[in-house]
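Worksheet: the structure to be examined is printed underneath.
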Amino acid sequence: MEPINLGITADFHVHLRDGSMCELITPTVRQGGVAIAYVMPNLVPPITTKKQVEEYHRKLDILSSKTTFLMSLYLCKELTPELIDECKDLIHGIKCYPAGVTTNSKYGVDPNDFSSFYPIFEAMERNNLVLNIHGEKPGSDNDDINVINAEPRFLPALKKLHQDFPNLKIILEHCTTAESINLIRELNKDGKGTIAATITAHHLYLIIDNWAGNPINFCKPVAKFQNDRKALIEAATNGEPWFFFGSDSAPHPIHAKQQHVGVCAGVYTQNNAISYVAEIFDKQGKLENLKKFVSENGIKFYGLTKELEKHKQAVWLIKRDNKVPAVIGNGSIEVVPFKANDTLKYTIEWR
Ligand code: DOR
Ligand code: ZN
């Protein structure tokens, strides 16, 4: 197979952490074939001030100067419309975590009532910022909410947000169900192009059986059923403009993934991000649509233009055996990658 030019690739959902984990992980964005990375703010403490955004951005630039990092704030009651106006040129969006649904989400919001954040959403709308939503309801015995139905049960709230803010760009992050895919298609019938969903690499591979019993594959939202996985693969490989790549690569130290109780949610895919996705497109006979998914669709949705300028090299997809390491580490920390020890069919080169 001839190499395929994927252009300027983008991963619209990455976790780069801080401290020595950040030093280990940040350079792997480029190694995995990603030029532009949209960085999640769920550090401890979360990114909620202008100063934190600036400092984190500076640190990432030093760790990987050829990568473009797009920054975000963490939605919480400390944010004000004035702060949004002040940060409009430093960030591309704001991440909304319902409290209690995943790693470092405890400062997040009550997804049963977004009304107190409406002034923030108005400020975002006027500044053309994106609202990135972790679309799950927190588990509840009374409301019969669990890890399997948490995403479908969130969808009415997503629909209402889109109705109330039709011009606000909203992304349902790392969507995992056929219901979500159908809703994004349905809502896009309004022709506005303001609602989209990201899809991870690992949710194109995994179903419930693959994480029940294997904490390395445990993430939030959890991988669901065969019909869901099929819907995700179809949506990703089809080329529809409202579906694009956000890996949700979420590294945790090996010891935090290898325990029996209290396992951290998160699958680490960054060091081979594009290769994992390419293999799925290949199996579907849809490699011709890969560039839309990992580059064009998301870049268009976010309206990126000046962010592309510094990228003089493109990512090329090469058909060549590519063994996933058992672990990656820097002496102080070790992370197990997705599909560790497997041989992928594709690798990437920067040219
Ligand atoms: O699996 C996940 N891990 N899902 C998230 O939403 C957060 C992430 C993390 O930060 O580890
Ligand atoms: Zn995430």
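Remarks
- The stretch 52-92 residues near the modelled residue 308 label - backbone nitrogen below 18 Å, point 7 Å along Cα→Cβ: 67-70
- Computed over the chain with a Gaussian network model linking Cα atoms closer than 10 Å, the most mobile of 76, 22, 219 is 22.
- By DSSP, the beta bridges lying fully in the stretch 67-182 are antiparallel in about 10 percent of cases.
- The stretch 251-340 - percent of accessible surface contributed by carbon and sulfur, probe 1.4 Å: 51
- For the chain, projected area of the alpha-carbon convex hull averaged over all directions, nm²: 16.3
- Along the stretch 341-349 the Karplus relation, 6.51 cos²θ - 1.76 cosθ + 1.60 evaluated at θ = phi - 60°, assigns HN-Hα couplings of 6, 6, 9, 7, 7, 10, 9, 10, 9 Hz to successive residues, with x for each Gly and Pro.
- The spread of Cα positions in the stretch 2-157, taken along each principal axis and listed from longest to shortest, comes to 51, 40, 32 Å.
- Per residue accessible area in Å² of the stretch 240-314, where ligands, DNA and RNA are left out and the probe is 1.4 Å: 41
- Residue 258-residue 320 pseudo-label distance in nm [points 7 Å out on the Cα-to-Cβ vector]: 3.2
- Taking every DSSP bridge with both residues inside the stretch 4-350, close to 30 percent are antiparallel.
- A helix-only calculation puts the chain at -8000 deg cm²/dmol for mean residue ellipticity at 222 nm, using -39500 (n - 2.57) for each DSSP H run of at least four residues, averaged over all residues.
- For residue 70, distant residues with modelled amide H under 5 Å away: 37, 38, 39
- Antiparallel %, DSSP beta bridges [both residues in the stretch 1-159], to 5: 5
- Cα-Cα over 25 Å, subset of 88/137; 159/291; 230/291; 95/306; 50/257; 51/106: 88/137; 159/291; 50/257
- Exposure rule at most 16 other beta-carbon atoms within 10 Å, DSSP loop GluC sites (Glu not before Pro): the chain longest free segment: 79-308
- Point-to-point label distance, residue 230-residue 283, nm (Cα→Cβ direction, 7 Å offset): 1.4
- GNM top mover of 132, 272, 238 - the chain, alpha-carbon springs below 10 Å: 238
- A Gaussian network model of the chain, with springs between Cα atoms under 10 Å, assigns the largest mean-square fluctuation among 187, 60, 304 to 304.
- Per-residue Karplus couplings for the stretch 25-38, computed as 6.51 cos²θ - 1.76 cosθ + 1.60 with θ equal to phi - 60°, are listed in order as 7, 4, x, 6, 4, 5, 4, x, x, 10, 8, 10, 10, 8 Hz, Gly and Pro entered as x.
- In this rough spin-label picture, where each label sits 7 Å from Cα along the Cβ direction, the residue 210-residue 122 distance is 4.5 nm.
The values are calculated or read from the model by the stated rules, or taken from the named source; none is laboratory data. Everything numeric here is computed off the predicted structure, so don't read it as measured data. Please note: Cβ atoms are built from the backbone with ideal geometry, for glycine as well, and neighbour counts cover all protein chains shown. Ligands, DNA and RNA are stripped out before the accessible areas are found, and what is left, the full protein with its side chains, is counted by its heavy atoms. Shrake-Rupley method; radii C 1.70, N 1.55, O 1.52, S 1.80 Å.
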